[in-house]
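First comes the structure, then the notes that go with it.
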Amino acid sequence: MGLRWLSAVAALAAATPAGAQQVKELGIQATGTLSDPALAVVGAYAAWRPSARGRISAALGVGGSGGETAWRGELLGHFLLAPGRKQGPGVYV
């Protein structure tokens, strides 16, 4: 199993980005949860596409939950199904 993951990472690193694709991204993001208490966070994100189908992103935000200050951070690795798409929402579950 470990060799499969290593092979997948090597393939992502070796591929070149598509010509119409942005290599670096910056933006704002809002996140909300339906937990108890609810959480609402607004922050910034940055992403880098090292290959045509690979994307690495980081986000950091601040907001509130139950009357207290809350923060949220994430570091993600993505495998892109439509790497040629230049704009539009990115939705995940």
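Just so you know, in region 37-91 the residues that are modelled with pLDDT under 90 and of a type in the set (D, E, K, R) include one that is nearest to VAL23 (Cα to Cα), and it is ARG49.
When you look at ILE28, is it in contact with a His (Cβ under 8 Å, 6 or more places away or on another chain), surrounded by 10 or more Cβ atoms within 10 Å (Cβ to Cβ), modelled with pLDDT of 90 or more and among the β-branched types (Val, Ile, Thr), yes or no? No.
Scanning region 70-93 turns up no residue that is open to solvent by 60 Å² or more (accessible area, probe 1.4 Å), assigned to a strand (DSSP E or B) and among the β-branched types (Val, Ile, Thr). The set of residues in region 30-61 being assigned to a strand (DSSP E or B) and more than 17 Å from the chain's Cα centre (by Cα) consists of THR33, LEU39, ALA40.
The values are calculated or read from the model by the stated rules, or taken from the named source; none is laboratory data. No experiment lies behind these values; they were computed from the predicted model shown. Neighbour counts are summed over all protein chains in view; Cβ atoms, including those assigned to glycine, are modelled from backbone coordinates with ideal geometry. Side chains are part of the model used for accessible areas, which takes the heavy atoms of the whole protein and leaves out ligands, DNA and RNA. Shrake-Rupley method; radii C 1.70, N 1.55, O 1.52, S 1.80 Å.
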